Amino acid sequence: MNSDSGFGSGGSPYEYTVAEAKNKTLTLKKIGLIAAYILWAAVFFIVGASTRLFIYLIALVPISLWIIVWLTWKYTQVEYEYSYFTGALTVSRILGNRTRKKLLNVRIQELAAIFPYGDANASRLEAYGAENVIFAASSQSAENLYVALWQDNESGKRCVLFFEPNEKAIKILKYYNMSAFAK
């Protein structure tokens with residue numbers, strides 16, 4: 001989803017999503033869930049074969065399996081949505097295009113620093129001593145991985161966001177807080 005709206009005057013929203021990259025953990029989740037689905041069906045067959053309720057239990061297999069798949073498979077389809085609207089950045093995690101959880105909503109002006117993630121900035125990130133780390137990117141080796149630092153006004157904790165801004169998002173971030181890029 002990529003709505004290519006303007007920014008600045010008028011406060012038009014701009015949002016886009018980044019899907020989690022395929023990795024070993026995600027593959028293991030998928031394999032584990034498929035094994036669990038097979039085990040679920042096997043239990044029904046074994047229990048059904050040992051009782052007189054075989055026909056009734058077999059009829060429940062497709063229905064129960066469909067419900068279990070619908071409830072669990074979404075955890076293998078993770079996307080992060082970045083929304084920029086009237087000077088605020090909202091990051092949400094979307095599971096299976098159904099379940100949305102807001103991870104953060106921060107005013108762009110409150111960001112202390114925004115910089116590309118890499119070996120050159122690793123010591124800078126470590127020295128910041130963040131208490132709250134939010135990783136909302138496709139992978140740690142993403143080409144356009146950026147880091148945003150800020151202090152949460154409510155809790156007073158130092159926060160770090162790993163995210164993947166595209167060119168338009170970087171323009172929006174610079175428009176609302178150019179000083180964060182200079183630090």
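Side notes on the structure shown:
- Kirkwood hydrodynamic radius of the stretch 77-122, Cα pairs, Å: 12.3 Å
- Sorted largest first, extent of the stretch 131-171 alpha carbons per principal axis (Å): 31, 23, 10
- Kirkwood Rh and Cα Rg combined as Rg over Rh, evaluated for the stretch 108-148: 0.93
- Relative contact order (%) - the stretch 43-135, alpha-carbon pairs under 8 angstrom, separation at least six: 15 percent
- Using C-alpha pairs below 8 Å separated by at least 6 residues, the relative contact order for the chain is 19 percent.
- Cα-based radius of gyration of the stretch 64-155 once divided by 2.2 N^0.38 Å, which approximates compact folds: 1.31
- Ranking 117, 56 by solvent-accessible area of protein heavy atoms (1.4 Å probe, all protein chains present), from largest to smallest, gives 56, 117.
- Residue-averaged [θ]222 nm for the chain, counting only DSSP H segments that reach four residues, each worth -39500 (n - 2.57): -12500 deg cm²/dmol
- Per residue accessible area in Å² of the chain, where ligands, DNA and RNA are left out and the probe is 1.4 Å: 61 Å²
- Derived scalar couplings ³J(HN,Hα) [the stretch 100-106; Karplus, 6.51 cos²θ - 1.76 cosθ + 1.60; whole Hz; x for Gly, Pro]: 10, 10, 6, 8, 6, 9, 9
- The residues 40, 73, 150, sorted by heavy-atom accessible surface at 1.4 Å with ligands and nucleic acids left out, run 40, 73, 150 from largest to smallest.
- Full extension of the chain between residue 72 and residue 119 yields a length gain of 13.3 nm, computed as 0.36 nm times the residue separation minus the alpha carbon distance.
- Carbon/sulfur fraction of accessible area - the stretch 59-179, other protein chains in place, 1.4 Å, %: 51 percent
- Label assignment, mean projected area of the Cα convex hull in nm² derived from the structure, set (1) 9.8; (2) 10.5; (3) 13.7: (3)
- Distance histogram in 5 Å bins (all Cα pairs of the stretch 48-97, percent per bin): 5, 16, 13, 12, 10, 10, 8, 8, 6, 4, 4, 3, 1, 0
- Degrees, to the nearest 10: 24-49 long Cα axis against longest axis of the chain: 20 degrees
- Gaussian network model of the chain, Cα within-10 Å springs - most flexible of 16, 84, 128: 128
- Crossing angle, helix 119-128 versus the chain [Cα axis fit, 0-90 degrees, rounded to tens]: 90 degrees
- Label-zone membership for the stretch 62-77, site residue 95, 7 angstrom Cα→C-beta point, backbone N under 16 Å: 67-77
- Of the whole protein surface, residue 162 contributes about 30 Å² of accessible area at a 1.4 Å probe radius.
- Against the chain, whose longest principal axis is taken from its Cα atoms, helix 54-72 shows a tilt of about 0°.
- Calculated FRET efficiency for the pair residue 50/residue 135, C-beta based, R₀ 41 Å, to 0.05: 0.30
The values are calculated or read from the model by the stated rules, or taken from the named source; none is laboratory data. Values in this document were obtained by computation on a predicted structure and should not be read as measured data. Heads up, the Cβs are rebuilt from the backbone with ideal geometry, glycines too, and the neighbour counts pull from every protein chain shown. Just the protein is used for accessible areas: all its heavy atoms, side chains included, with ligands, DNA and RNA removed. Shrake-Rupley method; radii C 1.70, N 1.55, O 1.52, S 1.80 Å.
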